[in-house]
Every structure is written in structure tokens, then in C-alpha cells.
4 protein chains.
Amino acid sequence: MAIPDEEFIRGNVPMTKQEIRILTLAKAQVKPGDVVIDIGAGTGSLSIEAAMIARQVFAVERNNEAIELIEQNAEKFGVDNIIIINAEAPNGLEGISKIDTAIIGGSGGNLTKILDTIDRRLKSGGRIVINCITIQTLSETLEYFKNHDNYKYEAIQVQINRLNQVGQYDMAKALNPIYIITAINER
Amino acid sequence: MAIPDEEFIRGNVPMTKQEIRILTLAKAQVKPGDVVIDIGAGTGSLSIEAAMIARQVFAVERNNEAIELIEQNAEKFGVDNIIIINAEAPNGLEGISKIDTAIIGGSGGNLTKILDTIDRRLKSGGRIVINCITIQTLSETLEYFKNHDNYKYEAIQVQINRLNQVGQYDMAKALNPIYIITAINER
Amino acid sequence: MAIPDEEFIRGNVPMTKQEIRILTLAKAQVKPGDVVIDIGAGTGSLSIEAAMIARQVFAVERNNEAIELIEQNAEKFGVDNIIIINAEAPNGLEGISKIDTAIIGGSGGNLTKILDTIDRRLKSGGRIVINCITIQTLSETLEYFKNHDNYKYEAIQVQINRLNQVGQYDMAKALNPIYIITAINER
Amino acid sequence: MAIPDEEFIRGNVPMTKQEIRILTLAKAQVKPGDVVIDIGAGTGSLSIEAAMIARQVFAVERNNEAIELIEQNAEKFGVDNIIIINAEAPNGLEGISKIDTAIIGGSGGNLTKILDTIDRRLKSGGRIVINCITIQTLSETLEYFKNHDNYKYEAIQVQINRLNQVGQYDMAKALNPIYIITAINER
């Protein structure tokens, strides 16, 4: 856990920053034996850190450049329990049953459909953790969990500033803020 | 007040962002009739907004590219009460007495000397407002005012996120945070 | 402008904090001669600072305790161009035509109706500035302006931390973040 | 990891919030077999989460009420590898050699002495993680690591807003920001 950003092979695909990965995975409470799905896996950074703990990770990603990065990163970090699903979610999720944890880093405009599909496959006590960078995704997420009372949720906004060392000075450089919503299936 | 950032001529000189200008000038309480000094004037954005209210603004700046921008911006906004002092502060401040407000946007490593020089010229009830982007400048500023008990000060950190409109989405883009310290001379 | 928070008479009514007032009023671009409406006026802090610049301010407020505070604060600050409308907006706005600026600090669940009512009364080039403390109000605001293309809008999130002076230390105390949306009527 | 705040027994002792604990422990990279010291242990929340991973945790705390809470929490969470040292650090650290990780949540004005004491006991590759809530402690920390070039450090500021569920609304409640500095001993 807490792999530094620069250790991942990145290309031009946006990557969840280290502190957000740390908080997302901690909120997700991934445990040994778990089945995890990572939707909008991007560079695979979250998938790889989850795969170091869980039994099986399904990384769902529609972008071909990103899929290559996931493969390269999985190899680099010696992780062999990630199955990459080249699809636009919720497509590609049909075959997966009994999900312990779903992490959603990107939803491509299909969030509600994705949540419905996960909902039918999520174990009792299972968790959904969603990273939102737009107000619309945040709003849709909150509305979903307000309307599905089998979920208890919490939501936080995280803003990280990194202090860059410039000569004798430490100068704050802001990372973009992100909302992390964690829902537990109590059904 | 509240001139949008893109209306200033900028070049490669860093510019105080609109929201920070607004808060800095409001904390500075610039009034008609005032004499204002703006140290580390950069593009002149703070000088120009101050000059729209005050009687006289002295813009102190050591960088030649910046000085040209101040001149161009002063002309663009039709402001003729800014005197540009091409010097590295505290140099260039000797001739100015009876300062109502000092704004410090950049101190080039000379902060304590600059504050000492201002202190001898600041009217009773006058204000010093300092924008700090490094922890070291912030720390030096706080220490100065703790050790000079003719000043009462307050300090805030300001973090602004702008929502960029990307298609149907609004996506947060962080500006770097800044500390604003406001000291009032009660001597 | 920039009246310190503690100078307002407050009671138990929540008050917009100084830095948020400063930014709201700057974004609102209130000018001499303007007609301003302040919806959800609360303690009247925004109304009073607007009234120091504008020709006429209408403060709309449904809560009786708040209305007394507006009256007391108006008297304290010697402001006599505020008309208090004791109503739940959009009620009470019928008689006001030709609004230059509308400030919305609280909408009591009626935001879209309030915006529709303002829209029919807002001058060309007039501004609406909305302070949102909930995701739902923010989301409704953004959706409104996306669907009404006579408006150009910008939105920011503002987070202020105040450094409290505790002995020799300066300790950050967070204020709750707020979104400020500014829309200009270009019709 | 990621124990919710409300599960700890708290009393009136300030407690590091969940998200800060998560980030602090991830930055600390605590591993099985490690010896960890937690200075200014407070309620023991960091000690307990560290003890679930490490071989041995020494919790240093000068406050008697806090010490009782550490004992109660250790019992509640079934953790038996915490040794509580009732002392004002750096006192109490003399007997501990070969530290893998030092976490400093509170330094009671003795930060430099504490860091010197840890420095003599920290293994090569060992980590120091410091949580700072005042500018003075932050500044002293940065200066220490700038002046001791056996350390490579990084520093972040973390600001968390929690969305409180109030009826149909989600309303942001700010937690106070905190700086987390992580230094690695490369000697």
C-alpha cells in the first residue's frame, strides 16, 4: 500500500493520486479472500494495490491505451490476480457474481446503470467506493444511495496540497479535490 | 474591483488570482486619499485595483519584464496614479513617508528588512497585508508580528477551486492555496 | 466593505462569514444606483454591505428572529435603504421589477422557482450570485444555468482556514466550505 | 485499518480523525515485525492501528487521562503489544533502540529534542511521520529535515470535508486541516 505515484507506468492516462488511492482502499476495506471490481481502472493503480490484498480483482476499462498500462503495471508489480475486462461498464460485469467490493473511478456517463448492475451482485455487507471529480457524478451518486435504502453511505471531500521543495522554500501545490463516497450494503 | 484575470496583460509573470486580489484588497481596506505601496507588484494587478480607489500607489518591482507589464496594464485600465519603483525592496522605499497601506505580494527573501522599513513609515492605524505562498515566508511573517506588539494581526489560508465546464459536467480545478496575513499598526 | 463578523448583531441566526461576504459582493459587482435583492437575508450582513454601495436593497427573509436582527444591524450601521420583505421567496418578489443584482444566501427548497421569478425581473447584464452549502443546491443551481442559455456562469468553491493565535502558536481552524456561483444575464 | 472514529473510547482527549490516521499509517509504511513509537499518543488511536500490524508499539504520553484511554482502547480492540510510557518525550525514549517507525502526533514544544533523540535510534530506511496542526511545528519540522541531510522528506496538507446528511441534503462540514510530513532516514 502507499506505492508512490512515480512507480506506476503512466502514459497519458489520468491516474488516481497516491493519497486518494490510500483513502479509497482504506474506505473499501479490502480483505484477503475478497472479490473486487475496479470500474474505470485507468492505469490500474487501484487494481494493483487492491490485488496485493484481495483474492481476485476484475479491472473494467474501455480504453485500449489504459489496458496496456494495466498489463504493464501488473507485470511490474508482480501481481497475477487481476482479470482485465475490455468493456464499457456496465457491460462486462454480467459474469461476475458475489462481489465483495466495487471501486468506481470512472463511469463514463453510465453511473446509475453501473450501480444497478453492481447492486444485483454485491454481497451483504459489501462496499461500493466511488471517486467523483464532477459535481454531476457526485450528485447522481448521492441521489442513488438516498433512493436505495439498503445502503448506508458516507461522503467526504479530500483536498491535498503537496509542499514542493524549491531551494530553501516549501511551496504548496494543490491537487484537484475529489469526493469519495463509501456505501455499505446492509441488505 | 473584481477585474477578471484574463483582462490583465500577463506575459510569463505569475499573477495573483482574482479571488485572492479581492480578499487582499478588502483586508487592506484601501480608501480614497490613501497612499499604498505594493511590493513585488508583478503584473501590477493589485496595484491597478488599489489605484482605482487610492490617491497614490507605489509599485515596487525588481523584474524588468514585470515592470513593462505594469506600465501596459496601467495604460489599459486608464490608471495614472501608480509610480513604478524599479528596485529590490526594501530599496526604493526611502523616499516614501506616511504609508496608509502596504501590500506585499513578493519579498525576494528580504521580508524582515522590508517589514522594518515599512514599520518606520506606516501611519497609526495603517495596514500591512501579506500574501504568502511558502511556509517559510508565512512563518517569518507570523514571527515578525508576534515580536512587534504594536501590531494586531489575523491570518487566513484561502483555497479556491474553480469549476470548469466540460460538456455537461462541472469539474473542480484547484488553485494553489495562499495565506493572507493582515496586520494593523496600533501604535 | 469587509466589516468584521463580530461587529454584526447575530443572535442564533447563521451568518455568512466575512471572507464569503467579501467574495460574494465582489462577484456581484454591486454599483451605486443599483437595485439589489438579498434572498434568505439572515442577519442582514450581506444586505447591509450591499446597501452601503447600492441605491436600494430588498432583504427577503421568512424568519422573524432574523428580521429583527436585520433591523437592528441596519440601525447599528446607519443604513436606511434596505426594505425588509417578510416572506418566503419567491413570494414577496412580485412588486420588484428591474433588478440589477440578486444575491441568494438561502432558498428554503424553492431555488428553481426563485430563479424563475428573478429571471423575469433581472436587467440585461444583471447578475445572480448564489451561495451554496449543500450539494443538492449546488447541483440544482448548475443545472438551472446549463438549461437557461441566456446566462453565462462561473462557479468556485471557497475554503477558508483561520489561524487562531494560541500562545506562541498559530493553529488552523477550518470554516465550512461554500460554493459561490455567479451568473450574468446576457439576454 | 480504517476503524471509524466513534469506535474509540475518547473522553475529552483530542483524537486524530480517521482519514488522517489512514494517511499517517500509510505514509509510515508500518510492516509486520516493526518497532513503532507513537509520541503524543493521545487516545491511542494511531498506536492501536499500528499495533495491529507491527510487532511492538511504544506509546509515549504525558497526560494521565489519555493514558487511561489508551489502556481502555487497547483492551477494547484486543491489542496486547503496546507498551505505554508515561513520560514527556523525549524522556522515556532512552531505553528504545532500533526504531523502524516514529509517529509524532504531539510534541509539547520539544520537537527538535524529540527528533534528535529519535534520530539516534532510527534504523537505516526507517521513517518519521509527523502530524502538525500549528504553523510553528510545521516550520520547525521542515527546518529540521532541511538541516539533516540524511533525511529525504515529503510534506502534504490534508483537508477533509465530511458531508453531513441533513434530511434530503448533504452539507459539508470541514475538519481542521493538518500537515503530514514523512521523512525517510537514508543514512
**OP:** Taking a label point 7 Å out from Cα toward Cβ, give me the nm distances from residue B:149 to the same spot in the other copies, shortest first, one decimal.
**Re:** 4.2, 6.2, 6.6
Original post:
In nanometres, what is the gap between the two model label sites at residue A:94 and residue A:56, each 7 Å from Cα along Cα-to-Cβ?
Top reply: 1.8 nm
Original post:
Given R₀ = 41 Å, FRET efficiency for residue A:124-residue A:86 by Cβ-Cβ distance, to 0.05?
Top reply: 0.85
Subject >> Charge sum, other residues only, whose C-beta stays under 15 Å from residue B:133's C-beta, Lys/Arg counted +1 and Asp/Glu -1 >> reply: +1
Original post:
Under a GNM of chain C (C-alpha, springs under 10 Å), which listed residue has the highest mean-square fluctuation: C:38, C:100, C:119?
Top reply: C:119
Original post:
Angle, helix C:64-76 long axis vs. longest principal axis of chain C, Cα atoms, 0 to 90°, nearest 10?
Top reply: 70 degrees
Subject >> Nearby lysines by direct alpha-carbon distance to residue A:76 (threshold 20 angstrom, same-chain neighbours under 8 apart not counted) >> reply: A:17
Original post:
With chain C treated as a Gaussian network of Cα nodes joined by springs under 10 Å, which of C:26, C:102, C:59 yields the largest mean-square fluctuation?
Top reply: C:26
Subject >> Backbone HN-Hα couplings from phi across the range C:105-114 [Karplus 6.51/-1.76/1.60, Hz, Gly and Pro as x] >> reply: x, x, 10, x, x, 10, 4, 4, 4, 4
Subject >> Sites matching trypsin sites (Lys or Arg not before Pro) across the range D:1-102 that sit in DSSP coil, with at most 11 neighbouring C-beta atoms within 10 Å >> reply: D:98
**OP:** Could you check which residue among B:36, B:158, B:57 shows the biggest mean-square fluctuation in a GNM of chain B with a 10 Å Cα cutoff?
**Re:** B:158
Subject >> Magnitude of the charge dipole, the range D:5-185, Cβ model with Lys/Arg +1 and Asp/Glu -1, debye to 20 >> reply: 460 debye
**OP:** Calculate one ³J(HN,Hα) per residue across the range A:153-159 by plugging θ = phi - 60° into the Karplus curve 6.51 cos²θ - 1.76 cosθ + 1.60, and present them in order as whole Hz with x for glycine and proline.
**Re:** 10, 10, 9, 10, 10, 10, 10
**OP:** Could you work out how far helix D:135-147 tilts from the main Cα principal axis of chain D, as a 0 to 90 degree angle to the nearest 10?
**Re:** 30 degrees
Subject >> Distant alpha-carbon pairs in the range A:1-113 (separation over 25 angstrom), percent >> reply: 11 percent
Original post:
What is the local net charge at residue D:122, summed over the other residues whose Cβ is closer than 9 Å to its Cβ (Lys, Arg +1; Asp, Glu -1)?
Top reply: +4
Original post:
What value, in deg cm²/dmol to 500, does the helix sum -39500 (n - 2.57) over DSSP H runs of n ≥ 4 give at 222 nm once divided by the residues of chain C?
Top reply: -8500 deg cm²/dmol
Original post:
Tell me, what HN-Hα J-couplings in whole Hz come from the Karplus equation 6.51 cos²θ - 1.76 cosθ + 1.60 at θ = phi - 60° for each residue of the range C:163-169, using x for Gly and Pro?
Top reply: 8, 7, 8, 10, x, 7, 9
Original post:
Among B:31/C:152; A:113/A:173; D:31/D:123; A:173/D:27; C:173/D:31; A:31/D:27, which pairs are too far apart, with a Cα-Cα distance over 25 Å?
Top reply: B:31/C:152; A:113/A:173; C:173/D:31
Original post:
Using a simple charge model, +1 on the beta-carbon of Lys and Arg, -1 on the beta-carbon of Asp and Glu, nothing else, what dipole does the protein assembly as shown show about its Cα centre, in debye to the nearest 20?
Top reply: 0 debye
**OP:** Would you please state which residues of the range D:116-134 a label at residue D:150 would reach in this model, taking the label point 7 Å out along Cα→Cβ and a backbone N cut-off of under 16 Å?
**Re:** D:116-129
Subject >> Degrees between helix C:18-28 axis and first principal axis of chain C (Cα, 0 to 90, nearest 10) >> reply: 20 degrees
Original post:
For residue D:173, which sequence-distant residues (separation of 5 or more, or a different chain) have an amide H within less than 5 Å of its own amide H, given hydrogens modelled in the peptide plane?
Top reply: D:162, D:163, D:164
Original post:
Between residue A:58 and residues 5 or more places away or on another chain, which pairs have amide H atoms under 5 Å apart, with H built 1.01 Å from N, and which residues are they?
Top reply: A:36, A:37, A:38, A:83
Original post:
Local charge sum around residue D:77 (other residues, Cβ-Cβ under 14 Å, Lys/Arg +1, Asp/Glu -1)?
Top reply: -4
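All of the numbers you see were taken from the coordinates with simple rules; none came from a lab. Just so you know, these numbers come straight off a predicted model, no measurement behind them. Virtual Cβ from ideal backbone geometry, glycine too; neighbours counted across all protein chains shown.
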